[in-house]
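Novice: Please find one structure pasted underneath; my questions will follow.
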Amino acid sequence: QVQQVESGGGLVQAGDSLRLSCVVSGRAVRTDSMGWFRQPPGKERDIVAAIAWNGATTYYTDSVKGRFTISRDNAEHTLHLQMNSLAPGDTAVYSCAARLRSSLALNFPRYNYWGQGTQVTVSE
């Protein structure tokens, strides 16, 4: 059974940092592209960052550029998202996703596997 389990979310103050992790079990991810999505309250789910299978190519949505860093450890089947200088606008449920292709994708229908998500809340 394939599972993707996120961790690292929580309640923080503006300016703080969090590091999200996503551990994949039940399948290998070394040839998959992966991504982090987030869904703020009452809004749609959107891409935050994506990374190619070998980590050589990454994508960040404009609002997180310079603050967030996506990384992966294929040997450990783990995806990370380092989030610095958090702001209230970053409040959302963050989910990791895996895509059965090596190329990046920015739209959630192109991803095949999802975690349950972890809540990130940033207060003023």
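The values are calculated or read from the model by the stated rules, or taken from the named source; none is laboratory data. All of these numbers come straight from a predicted model, not from anything done at the bench. Every residue, glycine among them, receives a Cβ derived from its backbone with ideal geometry; neighbour counts consider all protein chains shown. Calculation scope for accessible area: heavy atoms of the full protein, side chains included, ligands and nucleic acids excluded. Shrake-Rupley method; radii C 1.70, N 1.55, O 1.52, S 1.80 Å.
Novice: What accessible area per residue, rounded to a whole number of Å², is obtained for the chain using a probe radius of 1.4 Å?
Specialist: With the other protein chains kept in place, the chain gives 51 Å² per residue.
Novice: Considering Cα pairs under 8 angstrom that are at least six residues apart, work out the relative contact order of the chain and quote it in whole percent.
Specialist: The value is 36 percent.
Novice: Using a basic spin-label model with each label point 7 Å from the Cα along Cα→Cβ, how many nm lie between residue 16 and residue 69?
Specialist: If labels sit at residue 16 and residue 69, their model points lie 2.1 nm apart.
Novice: Antiparallel DSSP bridges in the chain: what percent, to the nearest 5?
Specialist: Looking only at bridges with both residues in the chain, the antiparallel portion is about 90 percent.
Novice: Moving on. With a cut-off of at most 10 other beta carbons within 10 Å, and DSSP calling the residue loop, which trypsin sites (Lys or Arg not before Pro) in region 27-104 qualify? Please list them.
Specialist: The qualifying sites are 43, 65.
Novice: For Cα pairs less than 8 Å apart in space and 6+ apart in sequence, what is the mean separation divided by the residue count of region 1-66, i.e. the relative contact order in percent?
Specialist: 23 percent
Novice: Is there a quick way to get the dipole size of region 5-47? I mean about its Cα centre, with the Cβ of Lys and Arg at +1 and of Asp and Glu at -1; what is the value in debye to the nearest 20?
Specialist: Around 120 debye, computed over region 5-47.
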